[in-house]
C-alpha cells in the first residue's frame, strides 16, 4: 500500500472521528440520484405518459423545480454536480475522452476541486456510489476513480456508456467485475447495489451520502420485455400528438405557462402522418419509455429499503437528469469501447438505427433519435449539447420529511447544478475546505437550495452561465442571452417566452451588450477557451 494512500486514509479516519463527536441526529442522510439523457417532460410528475409511480410519489412528498438547470452534457454535468463548480474549473469543460491542452479541457477532475464524497466524508458521513462515473479517462490509472475521490464503496462503470446487458468497465470498488447471472440488467444492478448500501449504512450511527448515477435512459435502446409490452402500442399516434399531449398535461400540472407556445417540430423530422417505418419509429420510443419505467422501479427499491430501515424520516432525496433528451442517431459504422461486438452468448451485435431491426434486445444497439428527443424536451428547443432550454432544463425533485412541505409542491425559483454541493455542505454541516491534499481548492460557485426547500425565497442570487462546444448562455433574472455555435447572440424574456421563440436582441441591444460582457468575464475567469481553438488543438502527448 502506498504512502499516499495511507496518508489519505488516515486523514479521512481522523476527520470522520472528529466530526462524529459533533454529529447530531438532525444531520440528514443524503441520496442523490441522476438520470442519463432524459428530457424535461419524461416523468409522470412532469407531464409524461410513462409509468413512474415512485418518482411521482417522491414529488408528492416533496418539491418539484420547474427551472432547474444542468450543463447540457454528461461529463461536464457530473463534474459540476460532484464539485459545486463550473465544469471548466474542474478540468472537465468538455469530454473525458477528448483531452485538450487547456486547463479547463484536460478531461480529468483536477486537484483544485473536491467532490461531494470528499467533503461529506471528512465531516463524518459514510459515502457510497452506484452507477456511472465518467469524470476521468478510461486508462490504467485509477487516480480519479470513486474510491480515490472520497467514496468508501463503489459499483458501476467508469466509462460513459455501455450495453445494459454487458456493460464495459464494470467495476466493484477498484476492481473489474463481470455481470452477475444470465438475467443481468444494468439498471437493476445499479439500484440493487444502492439499496444494499442503504441497508448497511442505515444500521450505523453516522449519516450517509449515496450517489446513484443511472445510465438509463441513455442509448443503447435496451429494455426487458415486461416493460416493453406496457408501451408497445402507446406511441402509434406519433411524435406530433405526443408533444401536444405532454404540453397540455404540463400546463394542467402548473409546470409551464400556457402563454409559451410549443416549439415547432424539428425541421429534419417529417410530420407523423408522412413518416415511414412507423412501427419501428413507435418501437424506438416504446423501448425508451421502458428504460425510464425500469429505472423508476429501481428508485422504488432504493426508497423501500430506506423506509424499511426507518432512515427515510431523516433523509434528503434529490433526483435530476444530466442533460436534455439526446437527438444523436446511432449510425451503422459507430464504433467504440461502449459498443460490444458480440453479446455475452456470442451473437453479433447489430449496430445502427436501421428500421429493419427492432430495438430493445441485447444484440441491437440503437437510439431513439431526433423526433422522440424533441418530444422528451417538450415544450423546449434543441437537445443535449446545446444550451437552449431543451438542452439544459431538467426535472428536479427534492424530498426531505419535516423540512419540505410536500403535497406536490412546485417552485419556479431557478437553480443550477452547481447548487447541489452548496446544499449538501449546508444541510450536512460540512466545512468546505480551502485546501485539500495540500492543494488550494477553488471556492464554491453554487448557493444552497435550503431556503427554497423551506418555502422561502432565495436572495442574493446572481447570474447563471453555460458553455459547451461553443454553445453559450447567461441568465440574469428573467433575461437569457444564448447562442448556438457559431451563431450570434439571441435574447429571450423567459417569463413571457421560455420556449425561446421571440428573439428580442434587436429590441434590447443594451441588455445584449451588458449580458455578453458578463459572459466574457465569466468565461475568462473559469477557463473557457474559444471552441474553434479547442477543436483544432492536438491532444496532449
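How do the peptides 475-482, 32-39 rank, highest first, by the average count of neighbouring beta carbon atoms within 10 Å per residue? Present the calculation step by step, with values, prior to reporting the outcome.
On the way: 475-482: 19.6, 32-39: 27.4.
The most tightly packed comes first, giving 32-39, 475-482.
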Practice prompt. Beta carbons within 10 angstrom, averaged per residue: use that to sort the peptides 217-223, 177-183, highest first.
Written response: 217-223, 177-183
Worksheet item: Separation between the residue 308 and residue 454 pseudo-spin-labels, each 7 Å from Cα along Cα→Cβ, expressed in nm?
Response: 3.5 nm
Practice prompt. Arrange the peptides 432-443, 54-65, 515-526 so that the one whose residues have, on average, the most other Cβ atoms within 10 Å appears first.
Written response: 54-65, 515-526, 432-443
Worksheet, complete the sentence: With 0.36 nm assigned to each residue of separation and the Cα-Cα distance removed, residue 180 to residue 203 gains 5.7 nm
Worksheet item: Can you give me the Cα centroid spacing of the range 56-106 and the range 462-541 in angstrom?
Response: 17 Å
Discussion item. Could you give the length gained by full extension between residue 437 and residue 172, i.e. 0.36 nm per residue of separation minus their alpha carbon distance, to one decimal place?
Written reply: 92.9 nm
Fill in: Fewest-first ranking of 185, 125, using other Cβ atoms within 10 Å as the exposure measure
185, 125
Worksheet item: For a label point 7 angstrom out from the Cα of residue 141 toward its Cβ, which stretches of the range 52-91 have the backbone nitrogen within less than 17 Å?
Response: 90-91
Fill in: Share, in percent, of DSSP beta bridges within the range 29-457 that are antiparallel, nearest 5
35 percent
Worksheet item: At what distance in nm do the modelled label points of residue 478 and residue 271 sit from each other, each positioned 7 Å from its Cα along Cα→Cβ?
Response: 3.5 nm
Worksheet item: What is the spin-label model distance, in nm, from residue 354 to residue 520 if the labels are put 7 Å beyond Cα along the C-beta direction?
Response: 5.1 nm
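Percent relative contact order of the range 232-340, based on C-alpha pairs within less than 8 angstrom and at least six residues apart?
The normalised contact order for the range 232-340 reaches 31 percent.
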Worksheet entry | Inter-centroid distance (Cα atoms) of the range 114-191 relative to the range 204-229, Å | 13 Å
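A short reminder: the numbers here are calculations on the coordinates, not readings from a lab. These figures come from a predicted structure and were not determined experimentally. In this analysis, Cβ positions are derived from the backbone assuming ideal geometry, glycine residues included, and neighbour counts consider all displayed protein chains.
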